[in-house]
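One structure below.
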Amino acid sequence: MDKPAPAPLSPGLKFALELGPLLVLVAVTLKFGLVTAAAPFAVASVIATAMLYRLQRKVNWLLIASTLAVVTFAALTWWFDDATFLKLKVTFASAAIGLALLVGQALGKQPLRSMFDSALQLDDEGWRKFTRRFGVFFLFMAATNEVVRRLVSDEGYAVAKLAVFFPLPLLFMLTQLPLLKRHALEPRDGAGS
């Protein structure tokens with residue numbers, strides 16, 4: 001017998017699980033430094049991802065890729081005793097995701113469709129535009145990280161992760177609402193009839 005589908009995750013709990021690792025990063029960095037914060041940040045990221053998986057029985061590929069990047073760059077930070085590695089995580093991860101989206105689209109694929117299809121139902125033109133914009137946004141995040149990491153201290157960088165890089169994707173999604181409304185398809189399940 002199949003297990004029943006998990007209850008929808010409350011937005012507040014999901015937000016707390018996504019925000020938690022960044023709060024750990026900021027708190028430990030302000031007290032002990034960014035190099036010391038790398039390991040607790042990685043552990044908190046793995047725990048949050050595991051909890052999201054347990055509660056939802058699925059995790060999107062962006063979260064998995066981000067968690068793997070956190071663990072990798074945190075390990076490099078710890079091994080080489082150099083905070084530069086942790087600061088480079090956003091640059092490399094964002095650039096890789098942005099390029100993957102744009103190259104995938106150039107090859108005729110719609111990589112975001114598999115990630116958002118259950119939440120978003122768009123026509124083909126909508127998926128093309130949304131994927132292109134998302135790819136460019138991630139390249140913008142990589143470039144912004146390069147500027148920020150060169151201008152601020154380790155403590156300032158940890159705060160910027162929370163105050164700049166955490167809300168940027170949400171702000172980007174809000175700017176995409178007109179596109180999403182314009183290209184939305186009617187729900188497939190015929191609900192409401």
Heavy-atom accessible area per residue - the chain, 1.4 Å, Å²: 58 Å²
Would you be so kind as to identify which of Q121, V103, A50 lies farthest towards the positive end of the dipole of the stretch 34-124, taking Lys and Arg as +1 and Asp and Glu as -1 on Cβ and the Cα centre as origin? A50
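Convex hull over the Cα atoms of the chain, averaged projected area in nm²?
13.1 nm²
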How large, in percent, is the carbon and sulfur part of the accessible surface of the chain at a probe radius of 1.4 Å? 68 percent
Take peptides 165-175, 74-84 and line them up by average Cβ neighbours within 10 Å, highest first, as a rough protection proxy. 74-84, 165-175
Name the helices (complete DSSP H segments) of the chain with a Cα length along the long axis of 24 Å or more and a Kyte-Doolittle mean of at least 0.0, or state none. 11-32, 34-56, 61-80, 84-106
Between their Cα atoms, which of K89/K129; K58/K87; K14/K161; K31/K161 are more than 25 Å away from each other? K89/K129; K58/K87
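The values are calculated or read from the model by the stated rules, or taken from the named source; none is laboratory data. What you see is a predicted model; the values in this text were computed from it and never measured. Cβ sites come from the backbone with ideal geometry, for glycine too, and all protein chains shown count toward neighbours. These accessible areas exclude ligands, DNA and RNA; they are computed on the full protein's heavy atoms, side chains included. Shrake-Rupley method; radii C 1.70, N 1.55, O 1.52, S 1.80 Å.
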